[in-house]
Amino acid sequence: MDVLKKEDIYTIDDIYALPDGERAELIDGKIYYMAPPSWNHQKISRKLHQAISNYIDSKKGKCEALAAPFAVFLNEDDINYVEPDISVICDLSKLDEKGCHGAPDWVIEIVSPSSKPRDYMTKLFKYRTAGVREYWIVDPDKQMTMVYGFEKDTVEQYDFGEEVPAGIYDGFAIKVG
């Protein structure tokens, strides 16, 4: 029988002990190092964050849209720590100076070549089981956005240039890309 050694399970303390400038996420005790985002990645992130923030402000909404790097402690444990590209949190009691404690309502990940398997599989499962209501995977290489509506168990695919409706807000859609 294989026994998992203690040193094989990392914790949030290990994330905080990383050298300055080094970013990583922690999913079920496994560290995933993050490459710096590309210019295109940052441009997409900025536009999405801006559109969501402007919508929330125009409706005088109580939700917060926060862009990476921003800590999300998904579960009540010390082995899960992620930094989604965009997190929308509507229960402001989950927020403190360290980050978001619990699942955001809406998470957007912009796929990079190094993050593709993690965004499409590992995080999809993790966000769903943690209680995220809606998860978008924006894939610049494929020029498409996958929208997972976990509350209604829906999956939709949109090409760049199409209006993508936000499931957590009635009447709000964003053109991605």
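Coordinate-derived values only; no laboratory data. Given the structure is predicted, the values throughout are model-derived calculations rather than measurements. Here the Cβ is made from the backbone with ideal geometry for all residues, glycine too, and neighbour counts use every protein chain on show.
Below is a table of values for the structure above.
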quantity	calculated
Cβ-based exposure ranking for 97, 134, in which fewest neighbours within 10 Å come first	97, 134
Disulfide-incompatible cysteines by the Cβ rule (no partner under 4.7 Å) in the chain	100
Residues of the range 87-129 with amide N under 17 Å of a point placed 7 Å along Cα→Cβ from residue 75	101-104, 121-129
Potential extension, residue 129-residue 60 segment - 0.36 nm per residue separation minus Cα distance	21.9 nm
